[in-house]
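This report refers to the structure that appears directly beneath it.
Rule-based calculations on the coordinates, nothing more; no lab input. Keep in mind that this is a model prediction, so the values were computed, not measured. Here Cβ is always computed from backbone atoms with ideal geometry, including for glycine, and neighbour counts include all displayed protein chains.
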Amino acid sequence: MGNTNTKGSRRILRFAAAQADISKRLDIFVAEGAGFTRSQAQKLIREGHILVNGKPESPGYKVKNSDTIEASLPGQSDSSLVPEALPLAVLFMDEYLAVVDKPAGMVVYPAVGHSGGTLLNALAYHASKLASIGGDLRPGVVHRIDKETSGTIVVALDDTAYYNLVEQFRKRSIHRKYIAIVSGLLKNDSGEINLAIGRSESDRKKMSTRTKRGKEAVTRWQVLRRLNKATLIEAMLGTGRTHQIRVHFAAIGHPVLGDKTYGRKTEVEIKGRKLHFPRQMLHAETLGFEHPHTGQFMEFWSPVPDDMKECIEKLS
């Protein structure tokens, strides 16, 4: 389960849903997992090439945690993951998993528009093996970090480890802490944002708290330092919704600085001088979980990158 093989002239792909994939539309899940466009995935689903638990479903079917999804594709694959000798800041690696400090600007796995140069391309070069679950282009991916967000991410290198980590994410036992610079000055020293998040009804590429089909989303935060027209915070995820921190702080009027999708400002003027933010000022600092094989709790930390440090200094 969760591997790739060929039968005659057909290629068989098996997928397992990660925590972030639960309740995702089948066509979107298959498109992301196999590197297809959404229209290609819809065509394959309607033609019966995609089966969920051995049965055909509609493109709008919502993926469940226990689903076994199999794609029987005509012809041979020319979209397998290509190892690339890219620099990779590995915090920990054994035969079961790899923990990496992902730089801002790097995509986690190949997809339309990003055929190479991703974290998975680099990991395929540096690791002795990868998990077989998740499709050709994202084996072992149990969670994601946005392209312009830096920080700590874990990838399973073993199928058993993959299922174990997916379950830890599902049970919300994973410890995740982010560092962010948000616009404006937060009045309280700490707080909790409990606003459901779902697909935006006006822009399907965005997430929103103003939606009829939102899912529970909890972000706990604490002020680290008040800056000039901005606040440095740490944010702990109680749930793991897409773009959660960015959407939550935008919803309360304090978007992450440099966020071109949900924010209003990519620059701040201080004493007549404009300070530009090259990307969203968000960093996944800490990640803690139980090792899938030993059961030992492990916690990893990556330092705030230089571009964020420079912005903090200029805002001080």
Chymotrypsin sites (Phe, Trp or Tyr not before Pro), restricted to region 93-162: which are DSSP loop and have at most 11 other Cβ atoms within 10 Å?
none
Greater than 28 Å apart at Cα, pairs in Lys177/Lys260; Lys212/Lys260; Lys205/Lys274; Lys177/Lys215; Lys129/Lys260; Lys62/Lys205
Lys205/Lys274; Lys129/Lys260
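FRET efficiency for Asn194 and Asp94, Cβ-Cβ distance as r, R0 = 41 Å, nearest 0.05?
According to the calculation, E is roughly 0.65.
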If each DSSP helix of 4+ residues adds -39,500 (n - 2.57) and the sum is divided by the residues in the chain, what number results at 222 nm, nearest 500 deg cm²/dmol?
-5000 deg cm²/dmol
Contour excess over end-to-end distance, with Cα ends at Thr68 and Glu269 and 0.36 nm allotted per residue:
67.1 nm
Classify region 89-170: rounded, prolate or oblate, from the alpha-carbon gyration tensor (a ≥ b ≥ c, eigenvalue square roots; a/c under 1.5 rounded; otherwise prolate if a/b is larger than b/c)?
rounded
Quick one: Karplus J couplings for region 177-189, per residue in order, coefficients 6.51, -1.76, 1.60, θ = phi - 60°, nearest Hz, x for Gly and Pro?
10, 10, 10, 9, 10, 10, 5, x, 9, 5, 6, 8, 7
Using a simple charge model, +1 on the beta-carbon of Lys and Arg, -1 on the beta-carbon of Asp and Glu, nothing else, what dipole does the chain show about its Cα centre, in debye to the nearest 20?
1400
Using a Gaussian network model of the chain whose springs link C-alpha atoms within less than 10 Å, name the residue from Lys177, Lys206, Lys187 with the highest mean-square fluctuation.
Lys187
Karplus (6.51, -1.76, 1.60) ³J(HN,Hα), θ = phi - 60°, over region 214-230, in Hz, Gly and Pro reported as x:
x, 10, 3, 8, 10, 10, 9, 9, 8, 6, 9, 6, 8, 10, 7, 6, 7
Scan around Lys215 for amide H atoms under 5 Å from its own, H built in the peptide plane at 1.01 Å from N, and keep only partners 5 or more places away or cross-chain.
Ile197, Gly198
Choice from Asp259, Asp101, Asp203 showing the highest fluctuation, given a GNM over the chain with Cα pairs closer than 10 Å
Asp203
Could you pull out every residue, at least 5 positions away or on a different chain, whose amide H is within less than 5 Å of the one on Phe300? Hs are placed 1.01 Å off N in the peptide plane, and Pro or chain starts have none.
Leu287, Gly288
Could you work out which residue, out of Val100, Val268, Val166, moves most in a Gaussian network model of the chain, that is, has the largest mean-square fluctuation with Cα springs under 10 Å?
Val268
Within the chain, excluding any GluC sites (Glu not before Pro) found in a DSSP loop (not H, G, I, E or B) and having at most 13 other Cβ atoms within 10 Å, the longest uninterrupted segment runs 96-200
In nm, spacing of pseudo-spin labels at Lys229 and Ser115 (7 Å Cα→C-beta vector)
4.2
Simple label model, 7 Å out from Cα along Cβ direction - Tyr125 to Val82, nm:
1.2
With θ set to phi - 60° and the Karplus curve 6.51 cos²θ - 1.76 cosθ + 1.60, what are the ³J(HN,Hα) couplings of region 296-309 in order, to the nearest whole Hz, using x for Gly and Pro?
6, 6, 10, 10, 10, 9, 10, x, 4, x, 4, 5, 6, 4
